[in-house]
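One structure below.
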Amino acid sequence: MSLVLGALQIGFILGMLAIGIYISFRILNVPDLTAEGSYALGLVTSAVMTVAGHPYLGLVAATLAGMAAGCVTGFLSTKLKIAPILAGIITMSSLYTINLMIMGGNPNISVFDCDTVFRAAYKLLPMFKKEVVKVIVGAVFAIFCCGVVIWFFRTGIGLSIRAVGDNEDMVRASSINADFAKTLGLAIANGLIALCGGVYAQYIGNADVSAGAGMLIIGLASVIIGEVIIVKRSLVWGIISAVLGSIIYRGIITVVTGFHFLPSYSTKLVSAIIVALALAVPAVKERISIMKKGGAKNA
Amino acid sequence: MLDIKNLSKTFAPGTPNEHKALDNLSLHLDKGEFVTIIGSNGAGKSTLFNAICGTFIADAGSITLNSTDITSVPDYKRSKLIGRVFQDPMKGTAPNLTIEENIALAYSRRKSFNLSAAIKKSERSFFREKLASFGMGLEDRMKTKVGLLSGGQRQVVTMLMCTIVTPKLLLLDEHTAALDPATSEKIMEITNSVISENNLTTMMITHNINSALKTGTRTIMMDSGDVILDIKGDERENMSLSDLLNMYNSKSNKQFDNDRILLSH
Ligand SMILES: Nc1ncnc2c1ncn2[C@@H]1O[C@H](COP(=O)(O)OP(=O)(O)O)[C@@H](O)[C@H]1O
Ligand SMILES: [Mg+2]
């Protein structure tokens, strides 16, 4: 039971990461590596502010900081014409230093005894067990983000961002500032990812400067799992499936590590395998169909 | 309306691939003119359109549209005034967005970024009405992703997107060349009616010389980055296909021997 609750807690919280990855990889069609840096940025910003006694402001600051990081990557790729992957790497590496600066040079800080949004929720919902409250808090964040993102991408400006990822030439021909739209999209994606890091810091009770490493592959695995589960390709379902994918992914990890099939530190390997398998499906399908055709000829 | 003065553009200057694509080209269009453009492959026709749209900034010369100097205005700002349809049906529409989303995007060019719903109810029925007027049944497929449409259907959607906010200038770059003859004819029909309905100032590149002479009010011929022939009125009325080809041969000192040129249709 506690394993299930644990999976739901982290699944919902990292659902925000999955939505962010969905926005950059699927909607914008940009392989944005800023994610790992902005996740850690949100984590440390939130942690530092929480220690200072401002857990809520910490989440706001985390989101804004992540958006700023997205803007930097957007600026590098649209205005300075740096390839998106490199632009993301540049931002990500510089964030490592910036994150250390935010933590005053410490690679790790604890927020264990501080007031967090989770503690506030325990007081608000005394009738539930703490573990259940954590699930509720995670779910509220994930569902709130889903709602805001779905609303936003249905507005005029949101439609422009979706179109940029689909056919940039057409967007330019429609007198929309494609560079601005793309940068805004990256800002929103990284804002969500940083918010995710911010909530996670308060959930887990500490912040480590290297916590971002491998988060991208976790988000990507969630998105891909969601796409396998929900076949319908629309904006609304795409975003919901990212969160569902995150929960299912966490379920898989829980089964694999919780029952000691693999040690608990193997989560990233498992995600990498999931992503590699999912990405290999088209090639494997093609191979099979070629083999079938060849077989028919020989027969 | 459109005034192009001494426009020049050289690609890859200073390299072995240096190529003068526009060579001191000047051209003036009056409001409501419908100019057809012919010329062999590589003559610089699409490059001229690119220059007008701001895909690149010309090396020299000026472009004035609607009495505004747009020579160094960025492309996306120019597209407020200019509608453009390409030969490739994939180019003008976003495949993963629905028909109505595509049209809404084009329709939104009249306002700046906004946070209200992308498609309003009243707009939806307006789009429907417009699509229905083309008689291709697209009005019943407003929620279909554009990627699922045929090339001709996509060109119709593009055509509507380019004209739903009346542009000052409409540029058509062999926009029926990728379609089968029947569809191509249908699209030309729609093109003509949209242009005359809105009295649009239009430039149309075509490789069909016959239709170049029959469609529109004026025909220009391009070669090596410049206009080598410009006819309208009676002169154009009385011009036969062979006259035009002879003229080309004498002016450019080469044969109009292009596989893609259709002499008749
Ligand atoms: N972006 C570019 N870079 C280099 N060369 C180009 C570019 N665009 C066009 N050209 C060259 O300019 C010439 C004119 O091309 P274009 O205007 O497309 O001809 P067309 O009259 O057939 O439309 C061609 O030789 C083409 O190769
Ligand atoms: Mg061309």
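Derivation of every value follows stated rules applied to the coordinates shown; laboratory data play no part. None of the values given here were measured: they were computed from a predicted structure. As a convention, Cβ positions derive from the backbone with ideal geometry for all residues, glycine included, and neighbour counts pool all protein chains shown.
One residue alone among A:128, A:152 is among the aromatic types (Phe, Trp, Tyr), touching a residue at least 24 places away in the same chain (Cβ under 8 Å) and surrounded by 12 or more Cβ atoms within 10 Å (Cβ to Cβ), and that residue is A:152. Number of residues in the stretch B:7-21 that are away from ligand 2 (no atom under 16 Å from the Cβ) and either farther than 21 Å from residue B:71 by Cβ or within 19 Å of the chain's Cα centre (by Cα) (or both) equals 7.
Output yes when any residue across the stretch B:22-35 is over 19 Å from residue B:213 (Cβ atoms), within 16 Å of ligand 2 (Cβ to nearest atom), more than 14 Å from chain A (Cβ to nearest Cβ) and out of contact with any Phe, Trp or Tyr (no Cβ under 8 Å at 6 or more places or on another chain), and no when none is. Yes - at least one qualifying residue is present in the stretch B:22-35. Taken over the stretch B:158-214, the criterion of being assigned to a strand (DSSP E or B) and away from ligand 1 (no atom under 16 Å from the Cβ) is satisfied by B:169, B:170, B:202. Within the set B:146, B:73, B:157, the sole residue that is within 16 Å of the chain's Cα centre (by Cα), among the aliphatic types (A, V, I, L, M) and within 12 Å of chain A (Cβ to nearest Cβ) turns out to be B:157.
All conditions but one from (1) over 30 Å from residue A:234 (Cα atoms); (2) within 13 Å of the chain's Cα centre (by Cα) apply to residue B:197; the one that does not is (2).
Under 9 Å between Cβ atoms, which residue pairs at least 6 apart in sequence (or on different chains) link something in the stretch A:42-68 that is outside any helix (DSSP H, G or I) with a partner that is crowded, with 18+ Cβ neighbours inside 10 Å? Between residues of the stretch A:42-68 that are outside any helix (DSSP H, G or I) and residues that are crowded, with 18+ Cβ neighbours inside 10 Å, the close pairs are A:52/A:58; A:52/A:114; A:53/A:114; A:54/A:61.
Looking across B:4, B:70, one residue alone is free of Cβ contacts under 8 Å to residues at least 24 places away in the same chain, away from ligand 2 (no atom under 16 Å from the Cβ) and under 17 Å from residue B:171 (Cα atoms). It is B:70.
Output the number of residues of the stretch B:29-50 satisfying the condition of being within 13 Å of ligand 1 (Cβ to nearest atom) and either farther than 17 Å from residue B:201 by Cβ or basic (Lys, Arg) (or both).
11
Quick check on the stretch B:49-65. Is at least one of its residues more than 16 Å from ligand 2 (Cβ to nearest atom), surrounded by fewer than 22 Cβ atoms within 10 Å (Cβ to Cβ), within 14 Å of another protein chain (Cβ to nearest Cβ) and more than 18 Å from the chain's Cα centre (by Cα)? Scanning the stretch B:49-65, I find no residue that is more than 16 Å from ligand 2 (Cβ to nearest atom), surrounded by fewer than 22 Cβ atoms within 10 Å (Cβ to Cβ), within 14 Å of another protein chain (Cβ to nearest Cβ) and more than 18 Å from the chain's Cα centre (by Cα), so the answer is no. Within the stretch A:187-208, is there a residue that is more than 13 Å from chain B (Cβ to nearest Cβ), under 22 Å from residue A:278 (Cα atoms) and not in a helix (DSSP H, G or I)? The answer is no, given that none of the residues of the stretch A:187-208 is more than 13 Å from chain B (Cβ to nearest Cβ), under 22 Å from residue A:278 (Cα atoms) and not in a helix (DSSP H, G or I). Restricting A:115, A:166 to those that are in contact (Cβ under 8 Å) with a residue 40 or more places away in the chain, within 14 Å of another protein chain (Cβ to nearest Cβ) and surrounded by 14 or more Cβ atoms within 10 Å (Cβ to Cβ) reduces the list to A:166.
Each residue in the stretch A:169-179 was checked for being within 8 Å of chain B (Cβ to nearest Cβ) and either farther than 15 Å from residue B:107 by Cα or in a loop (DSSP other than H, G, I, E, B) (or both), and 6 pass.
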